[in-house]
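Structure, as structure tokens:
Read-outs throughout are calculated quantities, based only on the coordinates presented, and are distinct from any laboratory measurement. Predicted model, so just to flag it, every value in this text is computed and none were measured. Using ideal geometry, Cβ is built from the backbone for each residue, glycine included, and neighbour counts are taken over all protein chains shown.
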Amino acid sequence: MKSSIASRRRQFLIRAVAGLVLCWGYTALSEEQNCTLNVTVEGLRSDKGAVLLRLYDGAKGFPMKEARASLGRTVSIEGGVASVEIGGLPPGEYALAVVHDEDGDGKLLANWIGMPKEGVGTSNNPKPRFGPPKWKHAKFSVADQSLRVRIWIRYL
């Protein structure tokens, strides 16, 4: 009988410690992923359509391949500005690519040589060169609780 009670106590202690370890791990994980990104897209020439926003967590596919984006949002426009808050991000390096989807078809409209007919922009607002901006010019780090990013739309 004594060994049965001791065995139950031991099992209880093991479960209690395991529960505390799991709770601690969950709390640490949730605190780590509490970063918030506040994005404002400015310079939109009209309130028609929406802004297509893509968040990339690596250089692969940036900024043209939507399927490689880790997150995508469609944001409404008011007064030539689109704003969105993205929460729950783990700390790391990211880059944003945005399109003013004026015709509302859900993709970037381009001419026969690939030049955008709709407004485009990326984080850090790098100067336009031949072709789309590179990851190294658009990336930023998320390490704090909250980060604000402003993107200016360019119409080519």
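Taking Cβ atoms as reference points and 15 Å as the exclusive limit, the residues near Lys117 contribute a net charge of -1, counting Lys and Arg as +1 and Asp and Glu as -1. Placing R0 at 22 angstrom, the Cβ-Cβ distance between Arg129 and Lys107 gives a FRET efficiency of 0.45 after rounding to 0.05. Extending 7 Å from the Cα toward the beta-carbon at both Ala67 and Asn38 defines two label points whose distance is 3.6 nm.
Give the lysines whose C-alpha is closer than 26 Å to that of Lys107, dropping any in the same chain fewer than 8 places away, or say none. Leaving aside lysines fewer than 8 places away in the same chain, those within reach of Lys107 are Lys48, Lys60, Lys65, Lys117, Lys127, Lys134, Lys136, Lys139.
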